[in-house]
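The values are calculated or read from the model by the stated rules, or taken from the named source; none is laboratory data. Treat the numbers as computed from the prediction; the structure is a model and nothing was measured. Ideal geometry is used to build each Cβ from the backbone, glycine not excepted, and the neighbour counts take in all protein chains shown. Calculation scope for accessible area: heavy atoms of the full protein, side chains included, ligands and nucleic acids excluded. Shrake-Rupley method; radii C 1.70, N 1.55, O 1.52, S 1.80 Å.
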Amino acid sequence: MSLITVGTMAFDAIETPFGKVDKIVGGSATYVAYAASNFVNDVKQISIIGYDFPTEELEELKSRGVKVDGVEMITDKKSFFWSGKYHTDMNTRDTLVTDLNVLADFNPIVPESYQGAEFLMLGNLMPKLQMSVINQLKVRPKLIVMDTMNFWMDIALDDLKEVLTKVDVLLVNDGEARQLSNEVSLVKAAKKIMTMGPKFLIIKKGEHGALLFHENHVFYAPALPLEEVFDPTGAGDTFAGGFIGHLAKTKDISFENMKTAIIVGSAMASYCVEKFGPERLKEVNKADIQSRIDEFVQLVSFDIDLV
Ligand code: AMP
């Protein structure tokens with residue numbers, strides 16, 4: 001089963017209460033690809049990098065079955081750079097710097113070899129570029145999942161709303177759901193957003209888990225209570241990669257299977273936050289992922305014996 005992933009491949013500078021890194025590989029598509037490659041052996045990446053992006057990182061992704069034919073390299077410009085600082089609760093952060101660099105004139109081209117993919121993960125990126133990828137696909141994928149962020153709601157809301165009309169699943173955090181819908185109640189926000197295009201909506205609530213909405217149904221998955229959250233950067237993208245990776249692997253896009261996919265995404269995200277950048281994701285294997293999924297099952301399973 002093949003999956004196209006689109007998004008940034010970047011350098012990040014991150015400060016959390018536990019430490020600071022000035023330059024580490026990041027980017028929405030990087031995290032999505034690392035997470036999804038555990039489930040799909042044909043991840044087709046679309047992104048753009050500058051001369052400074054490490055070759056070893058591309059090799060590492062390739063060794064996991066990630067195709068990089070759609071990753072454009074600009075030899076005289078730097079890669080996208082983002083810098084953020086987390087507050088003490090780690091659920092909120094301030095963006096300090098967003099340097100578009102190569103992203104400023106990115107015009108994604110879908111390689112011929114990517115056509116026919118059944119799943120599309122639109123990672124966080126300019127909405128216009130997400131739209132351009134959708135428009136280039138000759139056959140509409142079975143499922144289109146979109147991630148975005150407040151940054152694009154602030155500067156490109158109309159474009160974002162246009163992409164929303166084309167996607168099946170939208171992933172946002174609680175603050176973004178409120179911003180997009182102008183509603184305080186998340187239930188009202190979800191109802192409104194689902195009239196904008198997506199039939200399914202996932203609202204991520206950081207250490208408080210995630211909600212999946214569809215029609216009148218809602219499913220809640222907790223986040224695993226971890227002793228140490230080192231760096232939440234990329235947790236959302238990693239969640240997205242695990243979510244769509246599971247759906248693509250099982251080829252089942254029902255609401256029931258999306259519940260499982262949310263647990264898989266949460267398990268992947270719980271590993272991501274244990275180290276800076278995507279480092280921890282490179283270490284985990286299938287057995288680790290299974291044991292974390294088992295921990296989730298334990299976390300929420302209970303019997304009620306009413307007498
Ligand atoms: P997350 O923590 O899941 O929201 O993702 C953080 C990653 O997204 C970082 O590695 C950044 O490089 C990347 N990122 C930050 N801002 C943007 C943006 N405006 N567009 C695309 N990617 C971004």
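Here are the numbers:
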{"item": "Positions within segment 102-131 being charged (D, E, K, R) and touching a residue at least 60 places away in the same chain (Cβ under 8 Å), in sequence order", "result": "Glu118"}
{"item": "Residue satisfying condition, being more than 14 Å from Asn124 (Cβ to Cβ) and touching a Ser or Thr at 6+ places or on another chain (Cβ under 8 Å), within set Lys188, Lys142", "result": "Lys188"}
{"item": "Qualifying residue in segment 39-49 (condition: more than 21 Å from Asp105 (Cα to Cα) and either of a type in the set (Gly, Ala, Ser) or within 16 Å of the ligand (Cβ to nearest atom) (or both))", "result": "no"}
{"item": "Helices (runs of 4 or more DSSP H) fully within segment 250-307 counting 2 or more residues that are surrounded by 15 or more Cβ atoms within 10 Å (Cβ to Cβ) and touching a strand residue (DSSP E or B) at 6+ places or on another chain (Cβ under 8 Å)", "result": "255-272"}
{"item": "Which listed residue, of Val97, Val40, Val68, is assigned to a loop (DSSP other than H, G, I, E, B), open to solvent by less than 60 Å² (accessible area, probe 1.4 Å) and modelled with pLDDT of 95 or more", "result": "Val40"}
{"item": "Residue within segment 72-87 that is closer than 23 Å to Phe276 by Cβ and of a type in the set (Val, Ile, Thr) present", "result": "no"}
{"item": "Residue within segment 175-194 that is in contact (Cβ under 8 Å) with a residue 60 or more places away in the chain and in contact with a Phe, Trp or Tyr (Cβ under 8 Å, 6 or more places away or on another chain) present", "result": "no"}
{"item": "Residue that is in a strand (DSSP E or B), β-branched (Val, Ile, Thr) and over 26 Å from Asn285 (Cβ atoms), where the choices are Ile49, Ile4, Ile14", "result": "Ile49"}
{"item": "Close pairs (8 angstrom Cβ cut-off, 6 or more residues apart or separate chains): more than 13 Å from Ile49 (Cα to Cα) and free of Cβ contacts under 8 Å to residues at least 24 places away in the same chain in segment 75-101, near the ligand (Cβ under 10 Å from one of its atoms) and of a type in the set (Gly, Ala, Ser) anywhere", "result": "Asp94/Gly84"}
{"item": "Counted residues, segment 72-94 - those being in a strand (DSSP E or B) and of a type outside the set (Gly, Ala, Ser)", "result": "10"}
